[in-house]
1. Residue by residue through region 129-145, which ³J(HN,Hα) values in whole Hz follow from phi under the Karplus form 6.51 cos²θ - 1.76 cosθ + 1.60 (θ = phi - 60°), with glycine and proline marked x?
2. Using θ = phi - 60° and the Karplus form 6.51 cos²θ - 1.76 cosθ + 1.60, what ³J(HN,Hα) does each residue of region 109-120 get, whole Hz, x for Gly and Pro?
3. Measuring from label point to label point, each 7 Å out along Cα→Cβ, what is the ARG119 to LEU35 span in nm?
4. Suppose R0 equals 45 Å; then what is the FRET efficiency for LEU155 and ILE73 from their Cβ-Cβ distance, rounded to the nearest 0.05?
5. Could you let me know the centre-to-centre spacing of region 118-163 and region 31-58, using Cα atoms, in angstrom?
6. Quick one: grab the alpha carbon gyration tensor of region 67-163, order the square roots of its eigenvalues as a ≥ b ≥ c, and give me rounded if a/c is under 1.5, else prolate or oblate depending on whether a/b is larger than b/c.
7. Which loop-located chymotrypsin sites (Phe, Trp or Tyr not before Pro) does region 91-160 contain, where loop means any DSSP state but H, G, I, E or B and the Cβ has at most 14 other Cβ atoms within 10 Å?
8. Loop-only trypsin sites (Lys or Arg not before Pro) in region 77-160, please: DSSP not H, G, I, E or B, and at most 10 other Cβ atoms within 10 Å.
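Each value in this text was obtained by applying a stated rule to the coordinates, not by laboratory testing. Here the structure is a predicted model, which means the values were calculated and not measured. Using ideal geometry, Cβ is built from the backbone for each residue, glycine included, and neighbour counts are taken over all protein chains shown.
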Amino acid sequence: MTNRYNTTQCSLGAHSLVGGLVSMFVANWLFYSMLSLVTWGLWGFLGKVASRSISGEGLVLVSSLGWAATFPILFTVFRTHWRPSLGSGDLLWGILAGAVGSLGMLFFYVALARGEASRVVAITAAYPLITALCAFFLLGEPFSVQKVVGLAFALIGIAILSQ
């Protein structure tokens, strides 16, 4: 009986598939987006559990301690070589982003303490509406039909969940 498959081609095909998957996971923004989705999903769940006995303000402090504890590990794993460019305004924008993010975290934890996690997390997960509008009006990023439809669905979702 003859072998219908060329083992060299199969081997190269498997190698190519594995290599393609590895490069997709390493360089692809979608992979990191999905990791963010999972970790932020767990963040919302864990925040809800913690909010049973810790105030929103307390959760901001406690979760910041968690962030501070993991930062050196993440910095080492991703081997980030960062040197601040003090001449650009980007350092100030980064600090402002952190401050605004801290406020968002505070409001998120207060909402979790007062509402259902499934509703709070879903509604606050629509924050790309704000990002997309700011990027369009302030950065000149283009709007596409897909973006408009996606944002419309997000608004519809907020309306449904807030009932």
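1. Calculated HN-Hα couplings, in order: 4, 5, 4, 5, 5, 4, 5, 5, 7, 9, 10, x, 5, x, 10, 10, 4 Hz.
2. Values, residue by residue: 5, 5, 4, 4, 5, 9, x, 6, 4, 4, 7, 4 Hz.
3. Between ARG119 and LEU35, the label points sit 3.4 nm apart.
4. 0.75
5. Answer, in whole Å: 20.
6. oblate
7. In loop regions of region 91-160 (DSSP not H, G, I, E or B), the sparsely surrounded chymotrypsin sites (Phe, Trp or Tyr not before Pro) are PHE143.
8. Numbers: sites: ARG79, ARG114, ARG119, LYS147; in loops: ARG79.
Counting only loop positions with at most 10 other Cβ atoms within 10 Å, the trypsin sites (Lys or Arg not before Pro) in region 77-160 are ARG79.
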